[in-house]
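**Q** Here you go, one structure.
A short reminder: the numbers here are calculations on the coordinates, not readings from a lab. What you see is a predicted model, and the numbers here were worked out from it, not measured in a lab. Here the Cβ positions follow ideal geometry from the backbone for every residue, glycine too, while neighbour counts run over all protein chains shown.
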Amino acid sequence: MKVFSMFDGVGGFIIGLNDADPSYFQTLYSNQYEPSRKSQDAFEVGLYRFPDMEHIPDDVSTIEDKKFIEMKENGVDMIVGGFPCQDYSVARSKKHEMGIEGKKGVLFWEIIRATEHIKPKYLILENVDRLLKSPSKQRGRDFAIMLAAFNELGYSVEWRVINAADYGRAQRRRRVFFFVYRNDTGWAKHWDNEQANIASNNLLDDEVTLYENYIFRDGLFARQFPIANTAYKNRHSYGELSSDIVEISDTFVGQVWNTGIMRHGKYYSIDTEPTFEEEPITLSDILVPENEVPESLYVTGEKLKKFEYLRGPKKIERTSADGHQYTFSEGGMSPYDSLDLPGRTMLTSEGSVNRSTHLLNINNKYRLITPIEAERMQDFPDDWTKYKKTSNGEIVEVSYRMRMFFMGNALVTGIVKRIGEELKEIDSEY
C-alpha cells in the first residue's frame, strides 16, 4: 500500500505503519511545513530519517492539484495525517475558539482537496478529541461538516477516541482517530451486503443493529482496541446528514460521542469505554539511567519554587479587556509526576517551565524528562529527533526545546502500528 503522509511532523505515522509491516506500507510522499517558522526543523528531521521518499516542504495550500494527480498516477492509495488542531484544542480559550473556520482548522479542506484528486482507498487521520465537540456554541457541527464532506466524495468514516494508556502505552493521551474508506472498496461492499441481508430478512426497521455490531465487535477499531459491549450510560445518537454542507454549518444540532460510524450519509455514535485489560507502561519503565541525564535538566532553587507555584492551587483577581473584574481559580495538582503511572499528555510547551511540564522526583532530586524519555512516551525510537539534515546537506543536532516541541506535537506511534496491522488484515481479506 503506497502512502502520502500529510502534516507529517517528524514521521509518527510513517514509523507506526513501518512497525506494522514495512513491506506492506510504503510511504512515497510526505508534506511538512510549520507556518511562521524560518527554520523548518521537523521537515529537516524527515530529510535525515527518510532519505528515499519525496519530501514536500511547502504550505499544503500551495501544493498544486497536479502534484496530487501525480501521486494518484504513482499508485498512492492511502493518505495519513495528524492534521493541525490548534483551532479545536483546549489550549485555546472558548472565547477565541474558531473551529473549522480557523486559520489551521481550514487545512482540513486540503485533505478533502487531496482526496478528490488522489482518490485513495483509505485515509487514517488523527486529531484532538475536542474536535467532536467543536465549536462550543454548536457542539458537533465541525465534525458533522467533515463527515458530510467525506460522504460527498463517496467515503465512509469510522472514528474512535483512544487513550493510549488504556491500550498498554506510556502516555495518557486521548486522541480521536478516523478510519476513512472509499465506498467501492471490498470492506465497504461487505458492509453493504450485511445491510442488505438485514433488510431482506426484516430483522429490524432501521440499521442500529448493524451499526452496533460494527462499533462493538467487527469494525477496525473494535478489533484492535476492545471496548465494553454496551453504551456508557446508554449514550448514543443516530442521525442523517444534510447533503448541503452550508446547511449543516448553519443548523446542525446533534450529539457526537467518542465512537461512531458514518455510512452513506447516516451516522450512529455511542459513548464507549475500554475494557481495561492492558497494563500501561509507567514512567519508571521509560527512564534513562541517571548518568545519561544532563545536569541542565535538574530543577532546584527559584526554578523549583516556580514549579511549586504553577502546580499549586490559586485564586487570582483579574480584569478583562472590557474592565470586568473576576477571580481566576485553578485547582492544585501533584507537586511532581508519579513514576507508577503513565505520563500525562505532553504538550508542545513540554520543554519549558510550565504547569503542564512533567516534573520527576527521583531520589529526592527533581528534574525534567529527557528527549529520549519524551520519545519513549510517544513510542518513537530513542534519539529519533536528535539530528536533522539542512537544505545544504549538513547534518546538525536539534535543540532540546525543539525536540520536546516535536514530541508534544506528535502522536503515539504504537496506536498507529495497531491500526496498520488491522488495516492490512482488512485490505487483504476484502
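**Q** Say we join alpha carbon atoms closer than 10 Å with springs in a Gaussian network model of the chain; which of N234, N74, N364 then has the biggest fluctuation?
**A** Highest fluctuation of the listed residues: N364.
**Q** May I pose another question? Please compute the modelled spin-label separation between R355 and E194, points set 7 Å along Cα→Cβ, answer in nm with one decimal.
**A** Taking the simple label geometry, E194 and R355 are separated by 4.4 nm.
**Q** In a solvent-free Debye calculation with one equal scatterer on each Cα, what is log10 I(q)/I(0) for region 132-251 at q = 0.16, 0.22 Å⁻¹, listed in the order of the q values?
**A** Rounded to two decimals, the profile gives -0.99, -1.50.
**Q** Then there is this: Just to check I understand the Karplus step: with θ = phi - 60° and J = 6.51 cos²θ - 1.76 cosθ + 1.60, what whole-Hz values come out for region 107-122, glycine and proline as x?
**A** 5, 4, 5, 6, 5, 5, 4, 4, 5, 4, 8, 7, 6, x, 5, 9
**Q** OK, next. What list of ³J(HN,Hα) couplings, whole Hz, do you get for region 420-430 from phi and the Karplus terms 6.51, -1.76, 1.60, once you set θ to phi - 60° and write x for glycine and proline?
**A** Values, residue by residue: x, 4, 6, 5, 4, 4, 5, 5, 6, 7, 10 Hz.
**Q** Would you work out if region 124-191 is rounded, prolate or oblate? Take a ≥ b ≥ c from the square roots of the eigenvalues of the alpha-carbon gyration tensor; rounded if a/c is under 1.5, else prolate when a/b is larger than b/c, oblate otherwise. Please list the in-between numbers first.
**A** Working: a/c = 3.48, a/b = 1.25, b/c = 2.78.
Verdict is oblate for region 124-191.
**Q** If one computes the Cα centroid of region 160-201 and of region 114-148, what distance in Å separates the two points?
**A** That distance is 15 Å.
**Q** Could you work out how much longer the chain between N229 and Y400 gets when fully extended? Use 0.36 nm per residue separation minus the Cα distance between them, nm to one decimal.
**A** Answer, rounded to one decimal: 57.2 nm.
**Q** Through the Karplus equation 6.51 cos²θ - 1.76 cosθ + 1.60, θ set to phi - 60°, convert the phi angles of region 58-65 into ³J(HN,Hα) values in whole Hz; use x for Gly and Pro.
**A** Taking θ as phi minus 60°, the curve returns 9, 3, 4, 5, 9, 5, 6, 3 Hz for region 58-65.
**Q** Check the straight Cα-Cα distances from K67 and name the lysines below 17 Å, setting aside those fewer than 8 residues away within the same chain.
**A** K2, K119
**Q** Please list, in chain and number order, the residues 5+ apart from Y366 or on another chain whose amide H is under 5 Å from its amide H, with Hs placed from the backbone.
**A** Answer set, sorted by chain and number: V299.
**Q** Between region 292-338 and region 403-430, how far is it from one alpha carbon centroid to the other, in angstrom?
**A** Centre-to-centre distance over Cα atoms comes out at 34 Å.
**Q** Two-decimal Rg/Rh of region 363-430 from alpha-carbon positions, Kirkwood Rh? Walk me through the intermediate numbers first.
**A** Values: Rg = 16.6 Å, Rh = 14.3 Å.
Across region 363-430, the Cα-based Rg/Rh ratio is 1.16.
**Q** If you don't mind, there's one more thing I want to ask. Out of all DSSP beta bridges in the chain, what portion is antiparallel? Express it as a percent rounded to 5.
**A** On the way: 44 of 63 bridges.
Antiparallel bridges make up about 70 percent of those DSSP assigns within the chain.
**Q** I've got another one for you. Test of understanding: in a Gaussian network model of the chain with alpha carbons linked when under 10 Å, which of D322, D192, D250 would top the mean-square fluctuation ranking?
**A** Of D322, D192, D250, the most mobile in the Gaussian network model is D322.
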